[in-house]
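The values are calculated or read from the model by the stated rules, or taken from the named source; none is laboratory data. Predicted model only: the values in this text are computed from it and were never measured. A quick note on method: Cβ atoms are made from the backbone with ideal geometry, for glycine too, and the neighbour counts reach across all protein chains shown. Ligands, DNA and RNA are stripped out before the accessible areas are found, and what is left, the full protein with its side chains, is counted by its heavy atoms. Shrake-Rupley method; radii C 1.70, N 1.55, O 1.52, S 1.80 Å.
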Amino acid sequence: MTEHRMASTTKVFLLLALLALGMPVCAELSITRGSAIPAKSGSNNASPEWIYTLKPGESFTEVASDLLVKSYGVARLLQHNAIENPATLGEGDRIRIPLSWLKRQPDPARATSVSGNVQLISGMNGQKKPLTQDTLIRVGDEVLSGAGAATITLADGSEVRLSPDSRLIFNRLTQYGKSGMIDTRLRLNRGEVHTRVKPVIEGGARFEIETPSAVAAVRGTAFSLQTGPEGTSVQVTEGVVDFGARNRAQRIPAGYSATISSISRNELSIRKMPPAPEINPLASVLNQLPAEMTWKPGPIPNYRLDIFETDSGRWIESREISGNRFDISRLDNGQYEVHLAAFDQQGMTGMPGILPIEVDLQARTASLLTPESEGSVNDDMPEFRWTLNGENELARVEIAEDEAFRNLVATSEWAPGTTALPSRPLSPGQYYWRVVTEAGGNSVATTQPRKLIVNGTLPPVRIISINYIDSQVRVFWEKVDTAANYRMQLAEEPGFNNIIKEATLPDTTAALRLIPGRRYFVRLKALSDGPLQSRWGPGRELYLE
């Protein structure tokens with residue numbers, strides 16, 4: 001009985017072993033239901049494969065139609081997966097697809113932020129034009145940054161931040177149909193990139209940056225890459241990077257940097273990066289700037305500080321600093337990441353400490369000083385003065401003819417000062433002025449308006465034209481900027497000693513009914529809301545036959 005039980009147990013173990021040998025790890029081979037057999041077909045065994053997991057509501061036929069090139073249809077994919085009845089498949093089942101069967105098409109990248117002077121060189125015709133936000137970047141294009149910087153987002157959401165004085169070529173931007181797999185190959189001829197790559201799919205997807213002296217291949221990581229005449233360096237902050245000469249790369253893990261010389265490409269120097277600086281706590285929301293950022297000093301007091309806009313990835317600022325403090329300033333309202341990394345003895349940066357901050361500045365209403373309300377000035381370029389009541393504010397003066405400020409006649413430049421001159425001379429007349437303050441780029445406060453009289457006389461009114469229509473005469477005259485109304489006089493002699501008609505008019509035209517065969521004379525003057533008025537303009541003769 002014991003021998004029989006042992007023999008049965010042995011058979012069970014042998015059966016389990018055979019099943020284990022015939023059934024690969026579920027992470028690499030499809031697990032299907034019904035008549036599916038977990039065995040590979042004889043075709044294309046050498047081709048790399050990708051495992052696709054069916055999503056809710058998807059069918060085998062839909063997936064094959066969406067992902068496969070026309071020469072490989074549903075029947076071939078069923079045969080490859082040893083599946084007899086695709087109707088037995090459902091959510092969570094996995095299908096093996098050779099990469100060579102997948103649809104491929106170029107998928108352009110997009111410039112999500114650009115600051116400063118950055119050029120795009122077309123791979124089609126070599127035409128150079130400024131790179132602007134939302135510009136599409138296609139295979140063969142080059143991005144050349146001068147004093148500027150750019151953040152470029154690839155089709156899968158990976159980001160490449162190009163530093164100033166860099167040149168990046170887009171050699172391949174391929175997407176495998178709707179699979180989400182990509183094949184991205186870039187060449188950094190000079191300069192520096194900061195890259196955050198989405199995790200790539202094992203066995204097929206590829207992300208590679210080549211330089212004149214090295215290659216960096218990644219599978220979902222964050223790293224920086226610099227290249228120049230002396231060689232190429234990489235600093236890995238997340239994940240791993242395969243780095244080195246072509247076909248001789250070594251795996252560099254997070255927390256390490258590596259350098260390869262342009263002269264001796266076989267020698268790869270790998271070093272542990274300095275740890276991230278320990279940044280002291282700072283308010284997560286900054287309501288006033290500047291704000292002092294501090295950290296615990298390290299053995300080498302030199303650091304690199306970068307500020308990125310969180311949503312767009314825009315590179316706001318990059319600088320080398322010494323000591324253990326930095327004033328955060330000149331930021332608009334929004335969310336940012338401050339990256340701080342120490343330099344090592346070879347001048348390479350270490351792991352970054354990351355400080356997320358939000359800037360939320362609120363503009364406050366300024367206090368007006370001079371001119372006084374309803375005051376008058378004799379200067380056509382009067383000086384306006386005020387005081388600011390907020391932090392890190394810009395201000396400008398606005399001058400209008402009406403209290404609702406529908407028609408601005410002059411302004412000043414936006415500046416952090418508290419005095420300003422108008423942008424052009426003010427003609428004599430009545431005006432309204434106010435000061436607008438701005439903080440954080442989108443918070444605005446406005447003072448109440450003040451009335452101002454610019455002394456002098458309004459310019460005389462010149463008649464432009466006279467039209468005769470039947471027994472009616474229409475008179476047109478020039479507009480005077482600060483005039484509220486116009487006074488018209490009609491006389492029968494040029495001296496205007498005997499006025500036969502006088503009226504105040506708001507417009508720059510008037511119609512008169514005259515007696516045919518008699519001569520008349522008309523003249524006008526401008527009136528303001530205040531005490532100012534113009535001299536009478538020259539008279540014009542009217543005659544209706």
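Filtered by the rule that a residue be closer than 21 Å to Ser224 by Cβ and not in a loop (DSSP other than H, G, I, E, B), the range 263-292 gives Leu268, Ser269, Ile270, Arg271, Lys272, Ile279. Listed conditions (1) at pLDDT 80 or above; (2) surrounded by 19 or more Cβ atoms within 10 Å (Cβ to Cβ); (3) of a type outside the set (Asp, Glu); (4) over 17 Å from Gln133 (Cα atoms) are all met by Ser158, apart from (4).
Is it fair to say Leu168 is at pLDDT 90 or above, closer than 30 Å to Glu317 by Cβ and open to solvent by 40 Å² or more (accessible area, probe 1.4 Å)? No, not satisfied. Can you find even one residue in the range 291-302 that is within 20 Å of Val193 (Cα to Cα), open to solvent by 40 Å² or more (accessible area, probe 1.4 Å) and modelled with pLDDT of 90 or more? Taking every residue of the range 291-302 in turn, none turns out to be within 20 Å of Val193 (Cα to Cα), open to solvent by 40 Å² or more (accessible area, probe 1.4 Å) and modelled with pLDDT of 90 or more. Could you check the range 504-545 and list, in sequence order, the residues that are modelled with pLDDT of 90 or more, in contact with a Gly (Cβ under 7 Å, 6 or more places away or on another chain) and open to solvent by less than 40 Å² (accessible area, probe 1.4 Å)? Within the range 504-545, Phe521, Val522, Leu524, Lys525 qualify. Per the conditions (1) surrounded by fewer than 17 Cβ atoms within 10 Å (Cβ to Cβ); (2) farther than 22 Å from Arg406 by Cβ, the sole criterion not satisfied by Gln489 is (1).
Considering only residues that are over 10 Å from Leu89 (Cβ atoms) and part of a helix (DSSP H, G or I), which ones fall in the range 62-72?
Answer for the range 62-72, where residues must be over 10 Å from Leu89 (Cβ atoms) and part of a helix (DSSP H, G or I): Glu62, Ala64, Ser65, Asp66, Leu67.
Report yes if Val461 is surrounded by 13 or more Cβ atoms within 10 Å (Cβ to Cβ) and either in a strand (DSSP E or B) or in contact with a Ser or Thr (Cβ under 6 Å, 6 or more places away or on another chain) (or both), otherwise no. The answer is no for Val461. Pro494 passes every criterion in (1) part of a strand (DSSP E or B); (2) farther than 30 Å from Val409 by Cβ apart from (1).
Can you tell me which condition Ser262 does not meet? The list is (1) on the phi < 0 side of the Ramachandran plot; (2) at pLDDT 90 or above, and all the others hold. Condition (2) is where Ser262 drops out.
If the condition is being in contact with a Lys or Arg (Cβ under 9 Å, 6 or more places away or on another chain), closer than 14 Å to Leu527 by Cα and either free of Cβ contacts under 8 Å to residues at least 24 places away in the same chain or polar (S, T, N, Q) (or both), then the range 445-501 contributes Thr457, Gln489. Contact map, the range 293-305: first residue within 17 Å of Met273 (Cα to Cα) and charged (D, E, K, R), second residue assigned to a strand (DSSP E or B) and open to solvent by 60 Å² or more (accessible area, probe 1.4 Å), Cβ cut-off under 8 Å, separation 6 or more or different chains; pairs are Arg304/Ser318; Arg304/Arg319; Arg304/Glu320. Of the residues making up the range 149-166, at least one is charged (D, E, K, R) and not in a strand (DSSP E or B).
When the residues of the range 423-447 are filtered to those that are at pLDDT below 95 and touching a Pro at 6+ places or on another chain (Cβ under 8 Å), the one that is most open to solvent (accessible area, probe 1.4 Å) is Ser427.
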